[in-house]
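What follows is one structure encoded as structure tokens, with my remarks underneath.
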Amino acid sequence: MGSYSLASRHACVKEIIHDGDWHPGNFSSKSAWNAIRTRAACIDWSEAVWFEGSIKSHSFIDWRCLSDALPTRDNLIHRHILTPHHCVFCWAGTESRNHLFFGCPFTTDIWKHIYDLCFHDGATPSNAIDAAISVRYVAGRAGKLGLVIKLAFCATIKHIWSERNYRIFRNKIRSKDQIVGAIKGDVIGRLSSIDLVGDPTTANHHIAAKWDLQVRWIARIPMACSWFAPNPNMVALHCDGSLSDDKAGFGGLIRDDSGDPLAAFASIGEDLSVLSMKLMAIYRGISLCVDKGFYDVPIRSDLKLAVDILNGVITGPWQILTLKSKIQIKARLLRSKEFIHVWREQNQPADFMASIPIDPSEILWEPESFPPELAILIKQDKEFVTYYRM
Ligand SMILES: [Zn+2]
């Protein structure tokens, strides 16, 4: 239980006792609890686990899993409880949260199957927290059908844990197909009473087809957008990262307040994560602005997750925390700055830079050396051409 201050406790008591009489009025145990508790910071992944329509018994196990509070064998050994250490699925690895749920070949196959049902872009989970953060964001974009993704994510963790317990305590074994079947059964069962309405996006059509769902598709009105200039005497920094089968890269572009380009950069990345590529682009872009003496810079990225992390809305996965603090330190050199989320359609020249083949490993272009394709994209932005976003 969180600590509470005397002041807040007295405030609560004052609300219900007047002139020595008891006036319960608006008093409720919930209001009392809210008055005395210290509200913990929201955890980045919590909405992947606790959400409207969730299966509560799943959420409870998922929460403990993501908090690494399940009695996995490494946790028991850590608490000096005598137990074998091996994973009961592969008998090779040590049973830790990350191995059991995301690193074991047995569970990796189950995730592949479930992710194929949920994602059209071949996504696979890497580790517990990153997977949950990614599920939260992707599900958020999928609207009502995001419920399928969250339910499937939660049911998979729950059934992996149940299977582990069946094997240890009941000496029962289910095949991967049976476990996948149980996961699908739980998800479809939960969805049966829910009216599914969705945007007809590629991602949503994929979910509906794979899960064989009846969805009421709503007509989408294309959203118009165009590039927008920074305030006078500021420069706009657009950043992007890209990841393909054989290359990770990032790049960006600096433009003045009339839309004319000042410099473009691109580099090869080493990390195989879109998030870190997008953040690398921001770091490199800010460094370039400082080198060139531009100190008033709105920084634009089309990845909301990256923008939320830099604006302190969420902490972000641990892998990027060093990079995040490097960006924050570098950004202190700017006089004024803001991290802004833009649509992909408003970020096309940066996308171009992030995707071009690079040799050597980094390029830095002045406007006169821009390739024609890039010059055209910049000209369209400068003329505020309207792009339509479905
Ligand atoms: Zn294993």
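Nothing in this text is a laboratory measurement; each read-out follows from the coordinates by a stated rule. Model, not experiment: these values are computed from the prediction. So basically every Cβ, Gly included, is an ideal-geometry build from the backbone, and we count neighbours across all protein chains shown.
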*Please list 133-146, 204-217, 365-378 highest first by mean number of surrounding beta-carbon atoms within 10 Å per residue.*
133-146, 204-217, 365-378
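Is region 236-389 rounded, prolate or oblate when judged by the Cα gyration tensor, a ≥ b ≥ c being the square roots of its eigenvalues, rounded requiring a/c under 1.5 and prolate requiring a/b larger than b/c? Before the final figure, lay out each step's value.
Details: a/c = 1.42, a/b = 1.22, b/c = 1.16.
Rounded, since a/c falls under 1.5.
Ranked highest first by the average count of other Cβ atoms within 10 Å around their residues, in what order do 115-125, 300-310 fall?
Working: 115-125: 16.2, 300-310: 22.2.
Sorting 115-125, 300-310 by mean packing, highest first, produces 300-310, 115-125.
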*Would you calculate a helix-derived [θ] at 222 nm for the chain, using -39,500 (n - 2.57) for each DSSP H run of n ≥ 4 and dividing by the full residue count, to the nearest 500?*
-13000 deg cm²/dmol
*So which lysines can residue 176 reach, going by Cα to Cα under 27 Å and dropping same-chain residues fewer than 8 places off?*
56, 112, 150, 158, 184, 210
*With each pseudo-label sitting 7 Å past Cα toward Cβ, what's the residue 291-residue 341 distance in nm, one decimal?*
3.1
*Based on the Cβ-Cβ distance of residue 382 and residue 60, what FRET efficiency does E = 1/(1 + (r/R0)^6) give at R0 = 41 Å, to the nearest 0.05?*
0.15
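For residue 366 and residue 126, what does the FRET efficiency come to when R0 = 30 Å and r is the distance between their Cβ atoms, rounded to the nearest 0.05? Walk me through the numbers before you get to the answer.
Details: r = 38 Å, r/R0 = 1.27.
Taking R0 as 30 Å, the efficiency between residue 366 and residue 126 is 0.20.
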*Separation between Cα centres of region 224-243 and region 279-317, rounded to whole Å*: 12
*Could you line up 384, 265 from fewest to most neighbouring Cβ atoms inside 10 Å?*
384, 265
_Please report the antiparallel percentage of the DSSP beta bridges confined to the chain, to the nearest 5._
70
*For the chain, count the residues as N, evaluate 2.2 N^0.38 Å, and divide the Cα radius of gyration by that value, please.*
1.19
_Computed label-point distance, nm, for sites residue 46 and residue 175 using a 7 Å Cα→Cβ extension_ = 4.2
*With Cα atoms, 0 to 90° folded angle of helix 321-331 axis to the chain main axis*: 40
*Determine the percent antiparallel among the DSSP beta bridges restricted to region 250-338, to the nearest 5.*
65
*Can you give the % of DSSP beta bridges in region 236-389 that are antiparallel, to the nearest 5?*
70
*Is the shape of region 46-217 best called rounded, prolate or oblate, per the rule: a/c under 1.5 gives rounded, else a/b larger than b/c gives prolate, else oblate, with a ≥ b ≥ c the square roots of the Cα gyration tensor eigenvalues?*
prolate
*Low-density loop cleavage sites - trypsin sites (Lys or Arg not before Pro) in region 225-296, where at most 16 other Cβ are within 10 Å (DSSP)*: 247, 292
*Once you have a ≥ b ≥ c as the square roots of the Cα gyration tensor eigenvalues for region 333-390, tell me rounded if a/c is under 1.5, and otherwise prolate or oblate according to whether a/b is larger than b/c.*
oblate
*For region 157-242, what number results from the quotient of the Cα radius of gyration and 2.2 N^0.38 Å?*
1.90
*Any chance you could check the Cα centroid distance between region 146-206 and region 57-110 for me, in angstrom?*
19
*With each pseudo-label sitting 7 Å past Cα toward Cβ, what's the residue 98-residue 358 distance in nm, one decimal?*
2.7
*For region 270-320, max minus min Cα coordinate along each principal axis, in Å, sorted largest first?*
32, 26, 18
